[in-house]
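Novice: One structure, as structure tokens, below. Some questions next.
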Amino acid sequence: MSMSPFELHRPDDLLSAVRLLEKYGDDAVLHMGGTELLLLMKLGFAQPGHLIDGKRIADLKRLEVADDRLTIGAGVTHRRIERHRDIAHMMPALVSLEKAVANIRVRNAGTLGGNLCFAEPHSDPATLLAALDATVDLVGPQGGRTLPLREFLIGAFATALAPAEIMTRITVPLPRVGARVGYHRLALKERPTVAAAVVLDDRRCEVWIGALTAKPLPVPEAAAVLASSAGRDVTAAAEATRAAVLAVDAGEGDDYRAQLASVMVRRAVADAQPRLAL
Amino acid sequence: METEFTLNGHAEVVDAPDHELLIDTLRARMRLTGTKRSCDVEICGACTVLRDGQAISACTTLTADVDGADVVTVEGLADGDELHPVQQAFVDHSAAQCGFCTPGMVMSVVALCLEYPDADEERIKEYLSSTLCRCTGYVKIIEAAQQALEQM
Amino acid sequence: MGPNEAGQRRQRKDIIDKVTGRARYTSDLEVPGMAFARLVRSKVAHGAIRNIDTSAALALPGVVCVVTAKDFEHLDMYYGESVLDQPFLSVDRVRYIGEPFAGVVAETQEIADRAAELVRLEVEELPILENAAAAMHAETLIHPERPADPELANVCSRSVFEYGDVDRALAEAVYVHEATYTFPAVYHYAMEPHAYLAEWTSAGLDMWAGTQQPHKVRADLARIFGVPHNQVRVRVPYVGGGYGSKGQAKYEPVTAAMALVAQRPVRLVNSINESFHTVIRHAAVVTMRTGIGADGRIIARDSQVVYDTGAYADKGPRVARKGAYRSAGPYSIPNSRAVGIAVYSNRVPAGAFRGFSTPQVVWAGESAVDEIARHLKMSPLEYRKRFLTERGEPFLGDDAPMDADLPQGLQLAADAIGWDQPRPPGRGRGVGSGVKDGGGGAARVEAEVHLHRDGSVEVVASTIELGQGPQTAYAQIAADGLRARFEDVRVRAVDTWGQRFDPGTNASRSTISVGSAVYDAACQVYAQVCDAAEQVMGTSQDLRLDGPDVVAGGQRKPFVEVLAEVRRLQPDWLGSVSAIGVQDTTKGDGPLGYSSSFYEVGHSAVEVEVDPETGVLTLVKCASVADVGFAINPEGCEGQDEGSTVMGLGHTLYEELEFNGPELINPSLVDYRVPRAEDLPHDFHTILLENRDGPGPFGSKGAGEGGTLGIAPAVANALEDATGVRIRDLPLTPERVWRALRAHEEAQQLNIAEDRS
């Protein structure tokens, strides 16, 4: 597995990075931890002539924890989130999720932004962050814009990222203090087989299923059941999830996958922990 | 591109093509063959090295990406004939068989000791699940990790 | 005199090299002027070759040569263990996806890799026989030149073992159990991919290879290249795992062929993806009929085992033969018929893999016996203990008598998981026992021991250090034979040039065969030293070697002085006292053509917990008993058994090569999951049973494969114990378990409904 040659560029700031991406167009790609990009390149699935290394751009590495939101630079590694004490305190579900991503080496190098931009259907973070309605900030030749992650993710390995655009940060609005957030996944092989993320708040609930479909799948019927029962009617939510998965997935083994999704929802609810104040 | 880094305590400057991977720099260029290539998809951990104290897969790291970093490979652990406590623990517990995973496994245990000095058996198993061994069934590796944690 | 060094904890001789990264494997080697190779592999499963276009690859700067079968028309390109059906590069057909049809040699690995992508294969596609089931009834023949089987198509080999009168016994049986069990194709995943380095010199061929059978490789290379054996040298550095995947010739011939054309040393190191496409364990379908007599005894067994051997025979015929033979064990069954069929298909070739066809038949046999015991309302443990072959009883009709106490071992495993303790709700327990006739028969092997003037000892023995620890065990054996110190003994790495013959490092055979030869040689050297000591010191009482000194009868004298005096040597003599030890086990005429040298026994006992919602099966407790006779290196024996149990856990719960038609779709660790540290049960015991009843030094037996035998049926039996569900297909994936649980539940509800109506 040898890689095709390329030229590595190391811009120190965002604007230079965007300009380089603009200059080389389709032949350039942003390079962060490399855990997914380099793998693809080694397998011959991508052969860019230019890699624009974003790791020297300080803006991409900022991580801020506020009362109502997490602002995570796209270049922050999984491991930094996993080991962040304040995040562990406020959002334990995010930390336990990060702990499950791939393996320690991948988490030490790989970044949250890279994970989301790669849009691998089995992404762990995408499911929970979609449930939390995170937004992503993008900067490109035409300036900046902010998109909900739910819109940013288009399909398997497909995002709304425009040419020469860079994801700069992920903003995770935190549910109010006391709301519960849970994530549960089952991985029968290297990558998760099925995952569920739930947000349980008085006024609004979210239920999202990951890894089964090209991008995280919302289950509003299950969310509605949970919202109307103050998070108690887990059985109905699980059944709603089963029905939703069966409806989108007519492939072989669908009843098992629907079963797993319904179980993951129940366990995510059981695992859900209250979001605490900073 | 020139990459300046510290390798096993020594300053190095490597002038390698931009696309060269750390595993090839170590094995082919520096002739440090302790770092092994097995799965080549950053799952098995045979190519584990430390970058600034953190375990990474050399098979999926650009050499250029260790610029300015402190890199330690299995060759950099022992002080002459004096083994590193993790290496000694592997010796004491016969925690190697074919030995092909051993350098990566030793580096993973070193990283574990640095990160979680109080790790219990569950934590050890969870941590070492990032690194594969096909010979030992892991039992003696886990015992070695326990000894290393006690001694470090 | 009993053993002194053997039986002790001793630091592995190879471990300092291995923990420091200094251990050199073939994939680490470089020689001056070396070029790098990559094989070009077929993307077509079955086709007649029309053309191979190498021009674009040859035009790439840095490419040294591109070879195809056309370059070797003057050679006999075929190799194989029992059937020479595999050319080292495709000759006129390709028969599986991944088959090498060309080789590229270049100045760097990167150039070789890139050039390999530029070689084009044009074929006329032939009908694809995607597996054994399809191939057995097909009109197309994968190897038309091979003799036809009277019943089925594409049969690579058919073996039949029969004794007693099976049909009559089945007719007389009070109960006949019949079931079909399937075992998946799995991959060894030796962590070092296949690796070779070849160089032609004026003296012949120099080959460094990660092989388990250097003498077999030497013979194949000599035949293929038409050179005498003394012009082929095969050296084996450390090998990064084998488990059978590096037996017989693999890519040694093609590497030597590329070096011949390149006129340079050439190194070939596979990627893991390529090694996935080199050799795998046979998928098997085992159909068993078992007849039970009035007293519950098994009076007859009729087995048919179909092994999918893939595109080439490799060791398939022997796997099928031995698997069939072992399908009646480990019980004492008076009437047995076993048929083993290896069938060609357009899949990756299958060959040797730890356990060598036994895990497949033990999976069936030990599942069946559990089902039978339950049918008879007997405890599965007590049923087994009652009918297991007894010590001293002839095995499988008329093979060598059983040399182990099987019920004792099984009880030890059961005790270790608390078999008699109350069972926690939702959990189940199961056992499984496997017996494999051990290797080490049918060969005369030799080893050398040299005692140098300074008291250091060199052992020369052709056993490969694959991780199983012969360098350490042989040093212990030699130290005991010589009454020398362990630290003074060194065991050389294997080199066919000048080293003694051994058929191969496989079949758990080394310790009892080569190890015995080492002991014999050491004892001969010891006798020579005693003889000299008596002449010079007037005594050999309690003689031992203490570094450079001979110590006997209360005296101490440098060994070299003793020897110089007796043999009238100059004091500056630099020689050694040497001996050649022999182990000859060629005698015997058991069913396999020789008598089993020992029986490798593995007992597994497990406690499992099942998550009914997901089907995830968790091993709570696991115990394995390895009947090793005598543990020369106890930690080494434990490590081998732990590793083999966990490897067996792989095919039990996780591992399965998945095919889309003939195409292997998970040839990567991303989609092929092997056991990890987190999969170990907290309660995991390995017990060494040491009755000193083996043929090896100090009563030792072979070990290292037993753990793979009983684990899968033990888990499936525990699953039934926990849930009432019987699954006859491996691996026991969560989806498979969940579906079985659901079907079981539906059937029960149906029964209740029927009862009510």
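Novice: Checking C:D370 against (1) over 26 Å from the mean Cα position of the chain (by Cα); (2) surrounded by fewer than 24 Cβ atoms within 10 Å (Cβ to Cβ), which test does it fail?
Specialist: It is condition (2) that C:D370 fails.
Yes/no per residue for (1) assigned to a loop (DSSP other than H, G, I, E, B); (2) out of contact with any Leu (no Cβ under 6 Å at 6 or more places or on another chain); (3) over 25 Å from C:G643 (Cβ atoms):
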| residue | (1), (2), (3) |
| --- | --- |
| C:G432 | no, yes, no |
| C:V449 | no, yes, yes |
| C:E458 | no, yes, yes |
| C:E465 | yes, yes, no |
| C:T472 | no, yes, no |
| C:D480 | no, yes, yes |
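Novice: Going residue by residue through the stretch B:6-20, is there one that turns out to be among the hydrophobic types (A, V, I, L, M, F, W, C) and within 20 Å of A:T77 (Cβ to Cβ)? Give the steps one after another, and end with the answer.
Specialist: Quick first cut of the stretch B:6-20, residues among the hydrophobic types (A, V, I, L, M, F, W, C) only: B:7, B:11, B:13-14, B:16.
Subsequent filtering for residues that are within 20 Å of A:T77 (Cβ to Cβ) retains none.
No: the stretch B:6-20 contains no residue that is among the hydrophobic types (A, V, I, L, M, F, W, C) and within 20 Å of A:T77 (Cβ to Cβ).
Novice: Report whether or not C:E73 is assigned by TED's automatic domain parsing to the domain that holds C:L118, of a type in the set (D, E, K, R) and modelled with pLDDT of 95 or more. Explain how you work it out, then say what you get.
Specialist: Numbers: assigned by TED's automatic domain parsing to the domain that holds C:L118: yes; of a type in the set (D, E, K, R): yes; modelled with pLDDT of 95 or more: yes.
Yes, satisfied.
Novice: Would you pick out the residues in the stretch C:232-291 that are in a loop (DSSP other than H, G, I, E, B) and within 14 Å of chain B (Cβ to nearest Cβ)?
Specialist: First pass over the stretch C:232-291, keeping only residues in a loop (DSSP other than H, G, I, E, B): C:237, C:239-251, C:263-265, C:270-271, C:277-279, C:282.
Those that are in a loop (DSSP other than H, G, I, E, B) and within 14 Å of chain B (Cβ to nearest Cβ): C:P237, C:V239, C:G240, C:G241, C:G242, C:Y243, C:G244, C:S245, C:K246, C:N270, C:S271.
Novice: Kindly indicate whether any position in the stretch B:4-18 is in a loop (DSSP other than H, G, I, E, B), in contact (Cβ under 8 Å) with a residue 40 or more places away in the chain and assigned by TED's automatic domain parsing to the domain that holds B:I142.
Specialist: The answer is no; no qualifying residue exists.
Novice: Shifting gears a bit: Can you name the number of the only condition in (1) touching a strand residue (DSSP E or B) at 6+ places or on another chain (Cβ under 6 Å); (2) under 30 Å from A:R267 (Cβ atoms) that C:E642 fails?
Specialist: (2)
Novice: Can you pull out every residue in the stretch B:113-144 that is under 21 Å from C:P681 (Cβ atoms), of a type in the set (A, V, I, L, M) and more than 9 Å from chain C (Cβ to nearest Cβ)? Even if it seems obvious, please write down each step before you answer.
Specialist: Restricting attention to the stretch B:113-144, the residues satisfying the condition of being under 21 Å from C:P681 (Cβ atoms) are B:119-144.
Okay, now just the ones that are also of a type in the set (A, V, I, L, M), so B:119, B:124, B:128, B:132, B:139, B:141-142, B:144.
Within the stretch B:113-144, B:A119, B:A144 qualify.
Novice: Also: Looking at the stretch A:182-193, which of its residues are under 15 Å from the mean Cα position of the chain (by Cα) and modelled with pLDDT of 95 or more?
Specialist: We begin by selecting, within the stretch A:182-193, every residue under 15 Å from the mean Cα position of the chain (by Cα); these are A:182-185, A:191-192.
Selection gives A:G182, A:Y183, A:H184, A:R185.
Novice: Restricting attention to the stretch B:28-43, which residues are crowded, with 23+ Cβ neighbours inside 10 Å and either within 19 Å of C:R673 (Cβ to Cβ) or away from chain C (no Cβ under 11 Å) (or both)?
Specialist: If the condition is that a residue be crowded, with 23+ Cβ neighbours inside 10 Å and either within 19 Å of C:R673 (Cβ to Cβ) or away from chain C (no Cβ under 11 Å) (or both), then B:S38, B:C39, B:D40, B:E42, B:I43 are the ones that fit.
Novice: Restrict the check to the stretch C:1-13 and report whether at least one residue is within 14 Å of chain B (Cβ to nearest Cβ), buried (at least 22 other Cβ atoms within 10 Å of the Cβ) and not β-branched (V, I, T). Walk me through it before giving the result.
Specialist: First, the residues of the stretch C:1-13 that are within 14 Å of chain B (Cβ to nearest Cβ): C:8-13.
Checking the rest, the ones that are also buried (at least 22 other Cβ atoms within 10 Å of the Cβ) come to C:10, C:12.
Checking which are not β-branched (V, I, T) leaves us with C:10, C:12.
Yes, the stretch C:1-13 contains at least one residue that is within 14 Å of chain B (Cβ to nearest Cβ), buried (at least 22 other Cβ atoms within 10 Å of the Cβ) and not β-branched (V, I, T).
Novice: Still on this structure, I have one more. In this structure, does B:E82 turn out to be facing chain C (nearest Cβ under 8 Å), out of contact with any Asp or Glu (no Cβ under 7 Å at 6 or more places or on another chain) and more than 30 Å from C:D641 (Cβ to Cβ)?
Specialist: Working: facing chain C (nearest Cβ under 8 Å): no; out of contact with any Asp or Glu (no Cβ under 7 Å at 6 or more places or on another chain): yes; more than 30 Å from C:D641 (Cβ to Cβ): yes.
No.
Novice: Restricting to the stretch B:13-25, count the residues that are surrounded by fewer than 24 Cβ atoms within 10 Å (Cβ to Cβ) and closer than 25 Å to C:R267 by Cβ.
Specialist: Let us first name the residues in the stretch B:13-25 that are surrounded by fewer than 24 Cβ atoms within 10 Å (Cβ to Cβ), namely B:13-20, B:23-24.
Next, only the ones that are closer than 25 Å to C:R267 by Cβ stay: B:14-17, B:19-20, B:23-24.
Residues in the stretch B:13-25 being surrounded by fewer than 24 Cβ atoms within 10 Å (Cβ to Cβ) and closer than 25 Å to C:R267 by Cβ: 8 in total.
Novice: Additional query: If you take the residues in the stretch C:596-617 that are of a type in the set (S, T, N, Q) and under 17 Å from the mean Cα position of the chain (by Cα), which one is nearest to the other protein chains (Cβ to nearest Cβ)?
Specialist: Kept after step one, since they are of a type in the set (S, T, N, Q), are these residues of the stretch C:596-617: C:596-597, C:604, C:614.
Those left that are additionally under 17 Å from the mean Cα position of the chain (by Cα): C:596-597.
Working: C:S596: 26, C:S597: 24 Å.
Applying the filter and picking the extreme gives C:S597.
Novice: Let me ask you something else. Do you know which residues across the stretch C:189-211 are buried (at least 24 other Cβ atoms within 10 Å of the Cβ), within 20 Å of the chain's Cα centre (by Cα) and within 14 Å of chain B (Cβ to nearest Cβ)?
Specialist: C:A190, C:M191, C:E192, C:P193, C:H194, C:A195, C:G210, C:T211
Novice: Given the conditions (1) at pLDDT 95 or above; (2) closer than 27 Å to A:A237 by Cβ; (3) away from chain B (no Cβ under 14 Å), report the number of the one that A:G144 does not fulfil.
Specialist: (2)
Novice: Out of all the residues in the stretch C:671-682, which are within 8 Å of chain B (Cβ to nearest Cβ) and modelled with pLDDT under 95?
Specialist: Once the filter is applied, which keeps residues that are within 8 Å of chain B (Cβ to nearest Cβ) and modelled with pLDDT under 95, the stretch C:671-682 yields only C:H682.
Novice: Of the residues that make up the stretch C:25-38, is at least one polar (S, T, N, Q) and under 30 Å from C:G636 (Cβ atoms)? Spell out the reasoning first.
Specialist: Our first condition is that a residue be polar (S, T, N, Q); within the stretch C:25-38, this holds for C:26-27.
Adding the requirement that they be under 30 Å from C:G636 (Cβ atoms) leaves C:26-27.
Yes, because at least one residue in the stretch C:25-38 is polar (S, T, N, Q) and under 30 Å from C:G636 (Cβ atoms).
Novice: Take B:V71 and tell me if it is in contact with a Leu (Cβ under 6 Å, 6 or more places away or on another chain) and more than 9 Å from every other protein chain (Cβ to nearest Cβ). First the steps, then the outcome.
Specialist: Details: in contact with a Leu (Cβ under 6 Å, 6 or more places away or on another chain): yes; more than 9 Å from every other protein chain (Cβ to nearest Cβ): yes.
Criteria met by B:V71.
Novice: How do the pairs read when you match residues in the stretch C:406-431 that are of a type in the set (D, E, K, R) with residues anywhere that are in a loop (DSSP other than H, G, I, E, B), using Cβ under 9 Å and keeping only pairs 6 or more apart or on different chains?
Specialist: Taking only residues 6 or more apart or on different chains, the pairs are C:R429/C:I417; C:R429/C:G418; C:R429/C:W419; C:R429/C:R423.
Novice: Going by what's in this entry, would C:K18 be described as outside any loop (DSSP other than H, G, I, E, B), touching a Ser or Thr at 6+ places or on another chain (Cβ under 6 Å) and closer than 29 Å to B:S108 by Cβ? Explain how you work it out, then say what you get.
Specialist: Numbers: outside any loop (DSSP other than H, G, I, E, B): yes; touching a Ser or Thr at 6+ places or on another chain (Cβ under 6 Å): yes; closer than 29 Å to B:S108 by Cβ: yes.
It is true that C:K18 is outside any loop (DSSP other than H, G, I, E, B), touching a Ser or Thr at 6+ places or on another chain (Cβ under 6 Å) and closer than 29 Å to B:S108 by Cβ.
Novice: Follow-up question, since we're still on this one. Can you report the number of residues in the stretch C:618-638 which are crowded, with 24+ Cβ neighbours inside 10 Å, within 13 Å of another protein chain (Cβ to nearest Cβ), touching a His at 6+ places or on another chain (Cβ under 9 Å) and over 30 Å from A:M264 (Cα atoms)?
Specialist: So the count comes out to 3.
Novice: In this structure, does C:Q408 turn out to be over 23 Å from C:T652 (Cβ atoms) and either assigned to a loop (DSSP other than H, G, I, E, B) or small (G, A, S) (or both)? Before you say what the answer is, go through the steps one by one.
Specialist: Numbers: over 23 Å from C:T652 (Cβ atoms): yes; either assigned to a loop (DSSP other than H, G, I, E, B) or small (G, A, S) (or both): no.
No.
Novice: Considering every residue within the stretch A:168-187, establish whether at least one is hydrophobic (A, V, I, L, M, F, W, C), within 25 Å of C:D611 (Cα to Cα), within 13 Å of another protein chain (Cβ to nearest Cβ) and in contact with a Leu (Cβ under 8 Å, 6 or more places away or on another chain). Let's see the steps before the verdict.
Specialist: Filtering the stretch A:168-187 for residues hydrophobic (A, V, I, L, M, F, W, C) gives A:170, A:172, A:174, A:177, A:179, A:181, A:186-187.
Then drop every residue that is not within 25 Å of C:D611 (Cα to Cα), which leaves A:181, A:186-187.
Still in the running and within 13 Å of another protein chain (Cβ to nearest Cβ): A:186-187.
Now drop any that are not in contact with a Leu (Cβ under 8 Å, 6 or more places away or on another chain), which leaves A:186.
The answer is yes, given that some residue of the stretch A:168-187 is hydrophobic (A, V, I, L, M, F, W, C), within 25 Å of C:D611 (Cα to Cα), within 13 Å of another protein chain (Cβ to nearest Cβ) and in contact with a Leu (Cβ under 8 Å, 6 or more places away or on another chain).
Novice: Let me ask another. Quick check on my filter: what residues within the stretch C:460-476 are touching a His at 6+ places or on another chain (Cβ under 8 Å) and not small (G, A, S)?
Specialist: We begin by selecting, within the stretch C:460-476, every residue touching a His at 6+ places or on another chain (Cβ under 8 Å); these are C:460, C:462.
The answer is C:V460, and nothing else.
Novice: Hey, another quick one. Which fully enclosed strands (runs of 3 or more DSSP E) of the stretch A:109-211 have 1 or more residues being free of Cβ contacts under 8 Å to residues at least 60 places away in the same chain and farther than 30 Å from B:S129 by Cα?
Specialist: Details: elements: A:135-140, A:143-148, A:153-155, A:166-173, A:180-186, A:194-200, A:205-210.
Passing ranges, in order: A:135-140, A:143-148, A:205-210.
Novice: Say whether the condition of being over 16 Å from A:G210 (Cα atoms), in contact with a helix residue (DSSP H, G or I) (Cβ under 6 Å, 6 or more places away or on another chain), in the same structural domain as A:H184 (by TED's automatic domain parsing) and not β-branched (V, I, T) is met by at least one residue in the stretch A:225-232.
Specialist: Yes, some residue in the stretch A:225-232 is over 16 Å from A:G210 (Cα atoms), in contact with a helix residue (DSSP H, G or I) (Cβ under 6 Å, 6 or more places away or on another chain), in the same structural domain as A:H184 (by TED's automatic domain parsing) and not β-branched (V, I, T).
Novice: Yes or no: A:A236 away from chain C (no Cβ under 14 Å), part of a helix (DSSP H, G or I) and crowded, with 16+ Cβ neighbours inside 10 Å? Before you say what the answer is, go through the steps one by one.
Specialist: On the way: away from chain C (no Cβ under 14 Å): yes; part of a helix (DSSP H, G or I): yes; crowded, with 16+ Cβ neighbours inside 10 Å: yes.
When the stated conditions are applied, A:A236 passes them.
Novice: Do we find that C:R728 is more than 11 Å from chain B (Cβ to nearest Cβ) and farther than 30 Å from C:A442 by Cα in this structure? Can you show your working first?
Specialist: Details: more than 11 Å from chain B (Cβ to nearest Cβ): yes; farther than 30 Å from C:A442 by Cα: yes.
Yes.
The values are calculated or read from the model by the stated rules, or taken from the named source; none is laboratory data. These figures come from a predicted structure and were not determined experimentally. Please note: Cβ atoms are built from the backbone with ideal geometry, for glycine as well, and neighbour counts cover all protein chains shown.
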